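Read-outs throughout are calculated quantities, based only on the coordinates presented, and are distinct from any laboratory measurement. Because the structure is a prediction, the values reported are computed rather than measured. When we count neighbours, we look across all protein chains shown, and the Cβ atoms used for this are built from the backbone with ideal geometry, even at glycine.
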Amino acid sequence: MGRLIGRTAVVTGASRGIGRAIARRLAADGAEVAVHYGSGEAAARETVAGIERAGGRAFAVHAELGTDGDVDTLFAGLERGLAGRPLDILVNNAAAAPTGPVETDTPERFDRLFAVNVRAPYFIVQRALPLLRDGGRIISLTSVATRVANPGQTAFAMGKGALETMTLTLAGALGTRGITVHAIAPGATRTEDNAAVFEQPGLAEFITGQTALDRLGRAEDVADAVAFLASDDARWITGQVLDASGGLHLGLRV
């Protein structure tokens, strides 16, 4: 579509799943995309190669989020790839998976989840601000878990709720620079990596029965929402949490 030509973007956790779809979509719209990965180097290289085959531009950057020096490592690679150019779009997508109900969670798993899902995005934003062009975009992936009581995802929902609060406060703080800040909250989204989960007997049917649009989400559904918020079409919108779940758990379907 070309509406992001001349712009640069970084997508964390972009080697697979929703992050890969976001990177592909932003590149298809014209942005040069830094494809961040933690441990999946081969998958990240595949994402970059796919973007380049489609005529886009991308490069991979590595950092194991949730570890000491993670943000320094990420930005060392990002700044090499940008080669002095500013950053236009930051997408905080990388996340650790839910750690289970409160009865079986551990301090170690809890701390790891918050290090990846809360601390890393917060300090990535902090480090990005001097690079981020006025009129830039910050978009964080959260979850419908913040509005649905799921006992198996308590800590996960707490972390995603923190990102939604961060979104609101940063939108107020950065508005004078023309920077918009948003969160996108996916629901049940089938990707290549988690497809087996939805093969559990009756699970896909149960979820679609609770979804207003009557199907599971696709990674591209979320990527298209990110692309809208990253574009000039969303210039007068900020501080929002955009539900991209197809209407999961809106209420009883009749």
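Some points to look at:
- Taking only the C-alpha atoms of segment 92-223, Rg followed by Dmax gives 16.4, 51 Å.
- Stretch gain in nm, segment Phe228-Asn194, where the contour uses 0.36 nm per residue and the Cα spacing is subtracted: 9.7 nm
- Among Val116, Val144, the order by Cβ neighbours within 10 angstrom, fewest to most, reads Val144, Val116.
- Annotation for segment 1-76 versus segment 83-132: alpha-carbon center distance of 16 Å.
- This model, with +1 at the C-beta of Lys and Arg and -1 at the C-beta of Asp and Glu, gives the chain a dipole about its Cα centre of some 580 debye.
- Segment 178-254 - charge dipole about Cα centre, Lys and Arg +1 at Cβ, Asp and Glu -1, debye rounded to 20: 220 debye
- Among the trypsin sites (Lys or Arg not before Pro) in segment 163-244, those placed in a DSSP loop whose Cβ has at most 12 other Cβ atoms within 10 Å are Arg235.
- Cβ-based exposure ranking for Ser140, Ser231, in which fewest neighbours within 10 Å come first: Ser231, Ser140
- Computed over segment 8-244, the P(r) curve from all C-alpha pair distances, binned at 5 Å from the origin, holds 1, 7, 14, 19, 21, 18, 12, 6, 2, 1, 0 percent per bin.
- Highest-MSF residue in the chain out of Gln200, Gln210, Gln240 [GNM, Cα springs under 10 Å]: Gln200
- Positive-pole candidate from Gly172, Ala204, Gly217, dipole of segment 168-217, charges at beta carbon: Gly172
- Given charges at beta-carbon only (K, R positive; D, E negative), |dipole| of segment 63-142 in Debye: 380 debye
- Per-residue Cβ neighbour rank within 10 angstrom, fewest leading, Thr142, Thr154: Thr154, Thr142
- Mean Kyte hydropathy of 0.0 or more with a Cα span along the axis of at least 15 Å, helices from DSSP in the chain: 17-28, 70-82, 154-174, 219-230
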